[in-house]
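The values are calculated or read from the model by the stated rules, or taken from the named source; none is laboratory data. Since the model is a prediction, treat every value here as computed from it, not as a measurement. Glycine gets a Cβ as well: all are built from the backbone with ideal geometry, and neighbour counts include every protein chain shown.
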Amino acid sequence: MSHSAQPEADARVPRISRRTFTTTAATAGMAAAVGLAPAVARAATEPELRAGAGEVSITPPEVSELFLVGPNKMATGVNDPLFARTLVLEYGSTRVAIVTTDLLVVHMHYNDELVAAASRATGIPAEHVVINTQHTHSAPIPRLVAAAQERPESWRDTEYSKWLPEQIAASAKAAVDDLQPAQLRAGRETTQIGMNRRYMTRTHVTMTPNPHGAIVPWVDTLGAYAKSDGKRIAVLFSYAAHPVIIHGTSTLVSGDFPGLAIKRLRHRFSGGTGELDGVFMFAQGCGGNINGHPLRGGIDACSVVGGELAWAVSRTQLADLPSGPVRVASTELELPFQDPPSVAECQKWVDKFPESLPHREVLEIAKRGRVGTLRYPIRAISMGDELCIVTLAHEPFCEYQLFAVEKSPFKHTLVFGYVHGVEQYIATRSAYELGLRGGYEASPHGHALQSKHRLALRPEVEEMIHESTVGVMKQLTG
Ligand SMILES: [Zn+2]
């Protein structure tokens, strides 16, 4: 589907969808632990913030039909189930839905189908629905159309892809049905369970843990609690790292460290009984150049790391957020690709690797002499004056998250990557400028060649994304 509310003309100008209301009185800025309820006073005439959450399994009945990228094999069973989870927030007549999914990635057109399904089921406009794929490598990629040309067995995922939109819609619908007056609370806690994975040798970048490289060394948490009795509605937490701790060590389906962190949180907050209020959900941050550590550590290591993340979430001191309007600002960039090598150069590669579809396609692009652009939606969602969630498409490097947080005018800023569809890494200017030495994520011969578009992006995408990230946040502050 297309975002019909977002006209195509002048796509680089940030647009805003906003409804304004009288700002509500701020509540006392008290801090409390994740499980407790705040005391809040609110003027009776003002709209009331409401929140609801829903959780639906997206583990198919026949997991043997799923192809897992981590082990590069078909799944043989389930270690822990996969979920779609939704948090809906409402203020006056404005609603937004934040959906998190235990999936590796979804391409942009398929993301649009999932958004449309959630929108149809809830009446929430498509531009107010954001879907984060957690990038779990022990979970499927629905609708692997491009890759299916090279790996016919992945066509089997098509059945899963037909089933999934209804599950996403059911999770969003459950969240709307759960809407109730709520108090939001947010906080950040230091933790490190990921490691920068780009290590520069004397000649080029390799995928090796780099303790000196950039990371986002914290977990952000947003909690929603019922006004009536203080019960937990949802706890949404976010960290930036590839869920690759199980990766190739198992052919069992798993949510990797996010899934196992949620399992641990559920256990902790239910006192071991499994009976629990509310939904715990995880959103992937800008983890494009970060791996969960240790890479390929196995299920037991993953359980320990999930426990560490769960511990960081449960010790987070959450501050009450003043109630206020829910606002959404959107923009969509067209990011430029680098030019392909010359036709003669591409022909050399095709002669060397005649079976390689990516090389044949790059030759075709070189012959056409015309390279397209990559759609890049950016959105910012604010709730009241203190909280903002920035959503970035594709697989952004963690530097984009650090930048957004540094420039944000909001007290609490969460930044999710892997939203609006994922087809490409979004590296930094300095990484792209390394050219063929730029490693898996940034070199034209790395992931870019294997991706749907076959080409790496130009270095100036960094400034384009920076400018628009600041732009959408600024619009929310009026
Ligand atoms: Zn990745």
Failed item in (1) touching a strand residue (DSSP E or B) at 6+ places or on another chain (Cβ under 8 Å); (2) assigned to a helix (DSSP H, G or I), with Thr331 passing the rest: (2)
Pairing a residue in the stretch 46-72 that is within 21 Å of Leu276 (Cβ to Cβ) with any residue that is at pLDDT below 90 and crowded, with 22+ Cβ neighbours inside 10 Å, where Cβ atoms lie under 6 Å and the two sit 6 or more apart in sequence or on different chains, gives none
Kindly indicate whether Met207 is within 16 Å of the ligand (Cβ to nearest atom), touching a Pro at 6+ places or on another chain (Cβ under 7 Å) and more than 21 Å from Ser314 (Cα to Cα). no
Selected residue (criterion: nearest to the ligand (Cβ to nearest atom)) from residues of the stretch 242-282 that are among the β-branched types (Val, Ile, Thr), over 21 Å from Leu414 (Cβ atoms) and modelled with pLDDT of 95 or more: Val244
Exactly one condition in (1) crowded, with 24+ Cβ neighbours inside 10 Å; (2) basic (Lys, Arg); (3) more than 23 Å from the chain's Cα centre (by Cα) is false for Arg50; which is it? (1)
Scan the stretch 222-237 and give yes if some residue there is within 16 Å of the ligand (Cβ to nearest atom) and either part of a loop (DSSP other than H, G, I, E, B) or surrounded by fewer than 19 Cβ atoms within 10 Å (Cβ to Cβ) (or both), otherwise no. no
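From Val219, Val304, grab the single residue that is among the aliphatic types (A, V, I, L, M) and crowded, with 23+ Cβ neighbours inside 10 Å.
Step by step, each of Val219, Val304 is checked, and only Val219 is among the aliphatic types (A, V, I, L, M) and crowded, with 23+ Cβ neighbours inside 10 Å.
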How do the pairs read when you match residues in the stretch 347-373 that are in contact (Cβ under 8 Å) with a residue 12 or more places away in the chain with residues anywhere that are small (Gly, Ala, Ser), using Cβ under 8 Å and keeping only pairs 6 or more apart or on different chains? Trp349/Ser356; Val350/Ser356; Ala366/Ser342
Are there helices (runs of 4 or more DSSP H) fully within the stretch 367-459 with at least 2 residues that are away from the ligand (no atom under 16 Å from the Cβ) and in contact with a strand residue (DSSP E or B) (Cβ under 8 Å, 6 or more places away or on another chain)? List them. 398-407
Restricting the stretch 350-366 to residues that are in contact with a Lys or Arg (Cβ under 7 Å, 6 or more places away or on another chain) and of a type in the set (A, V, I, L, M, F, W, C), the one nearest to the ligand (Cβ to nearest atom) turns out to be Val362
Of all residues in the stretch 60-73, which are out of contact with any Asp or Glu (no Cβ under 7 Å at 6 or more places or on another chain) and either within 30 Å of Ser323 (Cα to Cα) or surrounded by fewer than 18 Cβ atoms within 10 Å (Cβ to Cβ) (or both)? Pro61, Glu62, Ser64, Asn72, Lys73
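Of all residues in the stretch 112-139, how many are more than 16 Å from the ligand (Cβ to nearest atom), under 23 Å from Thr331 (Cβ atoms) and either within 12 Å of the chain's Cα centre (by Cα) or charged (D, E, K, R) (or both)?
Final tally of qualifying residues: 5.
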Is at least one residue of the stretch 146-169 at pLDDT below 95, within 16 Å of the ligand (Cβ to nearest atom) and not hydroxyl-bearing (Ser, Thr, Tyr)? yes
Just to be sure before I move on: is Met200 more than 30 Å from Pro47 (Cβ to Cβ) and away from the ligand (no atom under 16 Å from the Cβ) in the structure I sent? yes
Could you say whether any residue in the stretch 241-259 is surrounded by fewer than 21 Cβ atoms within 10 Å (Cβ to Cβ) and of a type in the set (D, E, K, R)? no
Only residues that are under 23 Å from Glu332 (Cβ atoms) and surrounded by fewer than 24 Cβ atoms within 10 Å (Cβ to Cβ): list them for the stretch 407-423, please. Lys407, Ser408, Pro409, Phe410, Thr413, Gly421, Glu423
For the structure I just gave you, tell me whether Phe403 is under 30 Å from Thr477 (Cα atoms) and crowded, with 24+ Cβ neighbours inside 10 Å. no
